[in-house]
Amino acid sequence: MKKVLTIVLALFILVAAVFPFAVSADGELTAVYGTPKAIDGKSDDGWKNAASIAADKALWAPGEGFAMSVKIMYDDTNLYFLAEVTDPTVGTLEQETVWIADYWRRDTVQIYLDLGNEKTEGTRDENDIRFDVNARGAFFPHMIRATAFIQHAVTITETGYTVECAVDLGIYPDFKNETGTVFGLDIWAGDAGADFAGRIGAVTLSGNTEVYRESNNLVPVKLGAKPAGTDGYKGLIVGTSLKKLGAAYTPSANAQGGHMDNIACVVDGLKGDYSAGVDEWGCSYTDDLGAWIAVDFGGEYDVSTVVFWEGGHWGDGGWFVSAPKIQAKVGGDWVDVKSSTTLPYPGNSRDEQGPDFEGYVFNLEKAVTCSAIRVIADKANTNDDGVINGGHFSASEIEVFGYKKGEAPVDQPDTPDTPDTPDTPDTPDTPDTPDTPTKPTGTAAIVVSIAALASLAAAAVVAKKRR
């Protein structure tokens with residue numbers, strides 16, 4: 001009998017490892033560690049390890065067939081939410097358009113967050129975040145300062161629509177972005193019915209109607225474990241965001257005028273948005289050093305990692321014409337620093353460059369004490385007046401990680417090996433992904449797993465008796 005119990009225990013451990021439970025026995029949800037490939041309103045391969053959770057608490061009378069499932073992830077920069085809504089009556093743009101504060105009266109996903117997990121009653125505070133994303137892409141942050149910290153995208157599907165969001169954790173600097181941290185969450189999908197006269201019902205995670213004004217009834221969500229052997233953004237970052245350490249960013253570039261006027265957007269925390277990026281088309285240069293874009297910190301820090309997020313690609317450019325490198329401003333002088341790069345930088349063509357808004361992670365060989373960094377590469381083509389007329393780089397964000405001055409480890413952790421080739425977006429899922437329709441998740445997975453193990457144990461006992 002001991003052998004039977006040992007086998008059953010081993011099988012249970014194996015099942016737990018292969019099928020991560022999204023819902024614990026006490027109703028607490030888990031946000032898995034991971035990063036979507038893009039915030040585009042689609043469930044891409046970046047979501048494959050996040051279990052699908054049914055938001056099955058109905059309020060009032062949503063229409064027949066109306067439903068929603070959600071996925072939750074996090075990395076060292078953002079919380080991510082994916083809401084897949086089944087709605088037979090998604091309206092046209094005109095039908096879904098109302099006054100901004102009335103989006104809740106239409107087909108809209110509403111997300112409520114209590115990042116401090118205080119569970120306040122009858123009131124909300126500075127770390128209680130609420131925002132709405134309409135089925136046709138309209139956005140209402142409910143608090144103006146939240147706009148700069150939230151990315152969102154919507155796609156219409158054959159069965160309804162999908163909302164994808166990223167919440168930059170800089171919105172609440174005291175958030176402990178580490179395994180085991182718990183925050184409060186509710187996600188609603190409102191149903192406007194077929195006549196769009198107002199909301200007729202909703203499906204939610206909590207089933208509570210008071211979450212709009214207090215946080216004590218939000219569902220607890222715990223940050224799950226990071227993958228073994230990783231420590232940081234996409235498992236590649238060394239150090240902490242300098243923003244969280246108090247750095248005051250000032251961006252600059254040697255491309256002036258044209259599409260560079262909105263240079264401040266490269267440090268606003270928004271990535272993956274054509275309206276939140278810059279490019280050097282129609283600009284002129286202030287020097288002959290190459291094409292560069294820099295971030296000053298307002299003081300000295302020990303820098304260990306730089307992440308450069310490019311912007312959009314077009315037929316005539318949108319990328320550096322050669323692989324960029326990192327320079328640091330040390331004692332007032334710009335110096336080259338050695339680094340490894342993930343992803344490897346592609347060739348000088350749109351086909352080779354691949355998707356828009358890719359992030360290139362530069363892990364410095366050794367932490368460097370500096371007051372600024374810049375990403376620099378060869379200049380694009382210019383005319384006789386120095387104005388760019390073909391080929392140009394774009395940027396949507398620059399992130400810098402490291403330590404307060406003098407606090408970098410003497411032996412900086414080894415950076416990961418640069419892969420020979422980047423993963424292609426169409427890499428097929430493995431057979432046991434959480435998205436497989438026949439595989440149960442959350443509580444259902446626990447029930448099925450235990451039932452299966454019980455059956456195995458019973459069969460083993462019967463076999464032993466027969467012998």
Pop the C-beta distance of Glu158 and Asp333 into the FRET formula with R0 = 60 Å and round what comes out to the nearest 0.05. 0.55
Nonlocal amide H pairs with Leu205, under 5 Å, H built at 1.01 Å: Ile187
Give me the number: length gained by fully extending Glu94 to Asn262, i.e. 0.36 nm times residue separation minus the C-alpha to C-alpha distance, one decimal in nm. 57.3 nm
For Thr147 and Glu126 in one chain, what is 0.36 nm times their gap in residues minus the Cα-Cα distance, to one decimal in nm? 6.1 nm
In whole Hz and in residue order, list the ³J(HN,Hα) couplings for the stretch 331-342 that follow from phi through the Karplus curve 6.51 cos²θ - 1.76 cosθ + 1.60, θ = phi - 60°; x for Gly and Pro. x, x, 10, 7, 10, 6, 10, 7, 8, 9, 10, 9
Derived scalar couplings ³J(HN,Hα) [the stretch 191-208; Karplus, 6.51 cos²θ - 1.76 cosθ + 1.60; whole Hz; x for Gly, Pro]: 10, 8, x, 9, 9, 6, 8, x, 5, 9, x, 7, 10, 9, 7, 8, x, 10
Taking R0 as 22 Å and r as the Cβ-Cβ distance between Thr86 and Ala194, the FRET efficiency 1/(1 + (r/R0)^6), rounded to the nearest 0.05, comes to 0.90
Between Glu407 and Asn177, what FRET efficiency follows from the Cβ-Cβ distance if R0 is 25 Å, with the result rounded to 0.05? 0.85
Residue list for the stretch 181-198, given a label point 7 angstrom along the Cα-to-Cβ vector of Ala61 and an amide N cut-off under 18 Å: 190-198
Flagged as over-length at 27 Å C-alpha distance, from Lys48/Lys119; Lys48/Lys404; Lys226/Lys366, the pairs are Lys48/Lys119; Lys48/Lys404
For the pair Lys366 and Glu28, how long in nm is the line joining their label points, each one 7 Å along Cα→Cβ? 4.3
Name the long-range amide H neighbours of Phe131: under 5 Å, sequence gap of 5 or more, or other chain; modelled H, no Pro or chain starts. Ile111
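Each reported figure results from applying straightforward, stated rules to the coordinates on display, with no laboratory input. Because the structure is predicted, anything quoted here is derived from the model rather than measured. Here the Cβ is made from the backbone with ideal geometry for all residues, glycine too, and neighbour counts use every protein chain on show.
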